[in-house]
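The values are calculated or read from the model by the stated rules, or taken from the named source; none is laboratory data. What you see is a predicted model, and the numbers here were worked out from it, not measured in a lab. Neighbour counts are summed over all protein chains in view; Cβ atoms, including those assigned to glycine, are modelled from backbone coordinates with ideal geometry.
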Amino acid sequence: MIQPLATQLTLTINGEPVSIADLSPAMTLLEYLRLSGRAGTKEGCGDGDCGACTVAMIGAGADGKPHYQAVNSCLIPLGAVAGRQVFTAEGIVQGRIPKEALVKEPVTVEQLHPVQSAMVETGGSQCGYCTPGFIMSLFAAYYDGHPDDLSVEGNLCRCTGYLPIRRAAQMVAELAPQDRFSEQLVAASTVLAPLAYTGQAEQFYRPTHLNEVLELLHQHPKATLVAGATDLGLEMSWHRQHYPVLISLEAVEELKHLEHTDEFVEIGAAVPLSHIEANLQGVFPSLDEMIHWFAARQVRNRATVGGNIGTASPIGDLPPVLLSLDATLKLTGPSGERVMPLADFFVGYRQTALQPGEVIVSVQIPKALTPDAARRLAQSYKIGKRGTDDISIVAAAFLVDLDASNHILHARLGYGGVAAIPARATEAEAFLVGKPWTGETIRAVKPLLQEAFTPLTDLRGSAEYRKRLVVNLFEKFFVEFP
Ligand SMILES: Cc1cc2nc3c(=O)[nH]c(=O)nc-3n(C[C@H](O)[C@H](O)[C@H](O)COP(=O)(O)OP(=O)(O)OC[C@H]3O[C@@H](n4cnc5c(N)ncnc54)[C@H](O)[C@@H]3O)c2cc1C
Ligand code: FES
Ligand code: FES
């Protein structure tokens, strides 16, 4: 049942109950924290890139249990934190210190959290601007048992204090957390209650069932769906976009399942990438590889597969992989459920086959090899300006099934960043079928790949560079999997 609209939402920040009224549900958590005097959380970029604004939030991990999750507070709308427990750098000292007391007396070294002490001890803070964000990423990783380089991959330090920060991470990695935060985790719930909130003439709904989403879309045909808000959050934070009605998908039970059988894998549209990363490890190597290079921890904790497809971005990283794996989408809407190949979903620049009132429910990926195939080769590649935490210039994912005599039975070449939509090089695929998997075949397919797409020149790369990558990445695939 859809909740009646309330003019107040609640959450806890550093253990203190907080009630919010008369604020837009699309205001970012970061903006709220700083407006309410919790200025320990810093704003660097305001678009998810630097990690200065990182806070920890209790949420369901890949195992379904409560975990502290590092997230970028500059991307999360207030509506999405309703009912949540949020922790910031000022709130993690050992022993709860009331805010008023902190104003009078600063925290002593003895009161610091172990990750804070380790940063002090190793000299991990120079100008200190990035420090609260590093602290919160390390805090979340500390309770997960792996404070390491990867846990801070989404945090930038402009003073290049990485070595001492790394030492701080190593220092706390040796400790076994046993404190009020680990106790709190055991007692925490991951259930997100339904929400209907209005503030500043904007509405935010968080239904828990798919039929309620469809009903809400029927009532508000111009409403915007939001999942992890790592894409939409940017619109809210940077572009100050207003959304009169937001419908959150993150509590919708039917969108959160992940099914893995012998024949296929089905991933609910609202499953965050960090769950896919952990629960499907080793099932699809090209998916593992792409998720590894996808943004950084804070974004992967929130970003969903449905959101990555829903943006229909030509440089979205999952579509090339999913195209190479022949994924299909399950959609549902006013006229019922339908299934379509992902290849038919993208119809133009940022345009999809989604009909009004429809929602992406899940992605299904078949596992079976082509009949008579002796082996499958599959891999993905991402070319960006930086190794981690960057978007693609070109992304590519390849899959070939070979018979016992090394002839190609089936080929899929998915690309992103080379056309208005993520697309397959279908002519090259057709050419490859029946040919032997040899250097000669790769040389012969090159002209087709060279002409497969007409990419654009933009800030990230020239059209010519992208055209070359289309060919060279496939060649690289052959070199790596001869
Ligand atoms: C710092 C940073 C780094 C990033 N790096 C990468 C990267 O490396 N690779 C990459 O591909 N992307 C990247 N992104 C973009 C973004 O994180 C992804 O596109 C992400 O998958 C979006 O998922 P979400 O759940 O956050 O979507 P949201 O922001 O919640 O929604 C995105 C769009 O999809 C629609 N939508 C969401 N769910 C559904 C659904 N079930 N049905 C229909 N429509 C739906 C929404 O209406 C919205 O239009 C990055 C973003 C940031 C901020
Ligand atoms: S302020 Fe840079 S990631 Fe949020
Ligand atoms: S200490 Fe200055 S940015 Fe990291």
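Pull up the range 314-337, narrow it to residues that are in a loop (DSSP other than H, G, I, E, B) and surrounded by fewer than 21 Cβ atoms within 10 Å (Cβ to Cβ), then point me to the one that is nearest to ligand 3 (Cβ to nearest atom).
ILE315
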Hits in the range 6-23 (condition: in a strand (DSSP E or B) and either surrounded by 20 or more Cβ atoms within 10 Å (Cβ to Cβ) or among the aliphatic types (A, V, I, L, M) (or both)): ALA6, LEU9, LEU11, ILE13, VAL18, ILE20, ALA21
Any residue that is touching a Pro at 6+ places or on another chain (Cβ under 8 Å) and at pLDDT below 95 - is there at least one of those in the range 96-111? no
Which of the numbered conditions does ALA168 fail, given that it passes all the others? Conditions: (1) within 16 Å of ligand 2 (Cβ to nearest atom); (2) out of contact with any strand residue (DSSP E or B) (no Cβ under 6 Å at 6 or more places or on another chain). (1)
Filtered residues of the range 24-56 (kept if more than 7 Å from ligand 2 (Cβ to nearest atom), hydrophobic (A, V, I, L, M, F, W, C) and surrounded by fewer than 18 Cβ atoms within 10 Å (Cβ to Cβ)): LEU35, ALA39
Only one of these is of a type in the set (A, V, I, L, M) and within 16 Å of ligand 2 (Cβ to nearest atom): VAL152, VAL115, VAL120. Name it. VAL152
State the number of residues belonging to the range 66-86 that are away from ligand 2 (no atom under 16 Å from the Cβ) and closer than 16 Å to TYR142 by Cβ. 3
Here are some residues: ALA396, ALA411. Which one is within 24 Å of the chain's Cα centre (by Cα), within 11 Å of SER324 (Cβ to Cβ), among the aliphatic types (A, V, I, L, M) and not in a loop (DSSP other than H, G, I, E, B)? ALA396
Select from the range 254-311 the residues that are in contact with a Pro (Cβ under 8 Å, 6 or more places away or on another chain) and in a loop (DSSP other than H, G, I, E, B) and write down the one among them that is nearest to ligand 1 (Cβ to nearest atom). ALA303
Of those in the range 444-469 that are among the aliphatic types (A, V, I, L, M) and in a loop (DSSP other than H, G, I, E, B), the residue farthest from the chain's Cα centre (by Cα) is ALA452
